[in-house]
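The values are calculated or read from the model by the stated rules, or taken from the named source; none is laboratory data. Keep in mind it's a predicted model, so treat the numbers as computed, not measured. Glycine gets a Cβ as well: all are built from the backbone with ideal geometry, and neighbour counts include every protein chain shown. Remember, those area values only see protein heavy atoms, side chains included, never the ligands or the DNA or RNA. Shrake-Rupley method; radii C 1.70, N 1.55, O 1.52, S 1.80 Å.
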Amino acid sequence: MSHAVYLRDLLRPLGVYDLEAPFSGGELDAQGEALDGVLAWLEEVQREGSLATAESWGLEKIASLFVRRPVAAQPRKLAAALAALLRIGGDSFTLAALNDTISGCGIPAVVKERGKGQVAVSFPGVAGEPEGFQALKKIIEDILPTHLGIEYDFWFLTWAELEDNFSSWQAIEDLELSWTQLETFVEYL
């Protein structure tokens, strides 16, 4: 219901106003339209003011608080990455805490211990080097403690998988893949 209708319904029981007269009705229409605009603006501010519901400029405002913006392009994925960054605290040095906050880079990532002072970061479900890897790498290195040596594990097609899934080189050539496409063909097998 528009505010013009609401104002008329509010004033009608008083019986004092001619709500359909050009002057009174026009004034109520103008005030109602202004209130409708304010309500729409307040609804947008309420939506964008919460990380859980923000869809556009609210996410960008929160992202601007960080040195680096997560690489996630979709609003919900960006919101999840920003939430992970906001969870980073002074005690975020355990492996569980690192894995909780590493998704702040913008895509799913996993940290595993490799040994003394070494960790490996992988990107489950992403074949090859993730798009925008240089930006991801900077964000990850900002999240992980600086005393750790970081190795990155990428998912590529192995020779064993190649032999298991293709009967001949001709079967591979029939797909007309570039070398990069063939290396990352793991997601299709």
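For the reader, a short list of remarks on this structure follows.
- Residues considered: ALA96, ALA80, ALA84. Of these, the only one that is open to solvent by 20 Å² or more (accessible area, probe 1.4 Å), in contact with a helix residue (DSSP H, G or I) (Cβ under 9 Å, 6 or more places away or on another chain) and not hydroxyl-bearing (Ser, Thr, Tyr) is ALA80.
- Residue in the range 143-166 that is in contact with a Phe, Trp or Tyr (Cβ under 8 Å, 6 or more places away or on another chain) and within 30 Å of GLY49 (Cα to Cα) present: no
- Members of the range 1-37 that are surrounded by 11 or more Cβ atoms within 10 Å (Cβ to Cβ) and of a type in the set (Val, Ile, Thr): VAL5
Results for (1) at pLDDT below 90; (2) of a type outside the set (Gly, Ala, Ser); (3) within 30 Å of ILE62 (Cβ to Cβ), shown as yes or no for each residue.
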{"position": "ALA4", "(1), (2), (3)": "yes, no, no"}
{"position": "ASP9", "(1), (2), (3)": "yes, yes, no"}
{"position": "TYR17", "(1), (2), (3)": "yes, yes, no"}
{"position": "GLY25", "(1), (2), (3)": "yes, no, no"}
{"position": "GLY32", "(1), (2), (3)": "no, no, no"}
{"position": "LEU35", "(1), (2), (3)": "no, yes, yes"}
{"position": "VAL38", "(1), (2), (3)": "no, yes, yes"}
{"position": "TRP41", "(1), (2), (3)": "no, yes, yes"}
{"position": "GLU48", "(1), (2), (3)": "no, yes, yes"}
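- Breaking point among (1) over 19 Å from the mean Cα position of the chain (by Cα); (2) open to solvent by less than 70 Å² (accessible area, probe 1.4 Å), for CYS105: (1)
- Helices (runs of 4 or more DSSP H) wholly inside the range 119-189 containing at least 3 residues that are out of contact with any Ser or Thr (no Cβ under 9 Å at 6 or more places or on another chain), at pLDDT 90 or above and open to solvent by 40 Å² or more (accessible area, probe 1.4 Å): 133-143
- Residue within the range 80-98 that is in contact with a strand residue (DSSP E or B) (Cβ under 7 Å, 6 or more places away or on another chain) and either of a type in the set (A, V, I, L, M) or within 30 Å of TRP41 (Cβ to Cβ) (or both) present: yes
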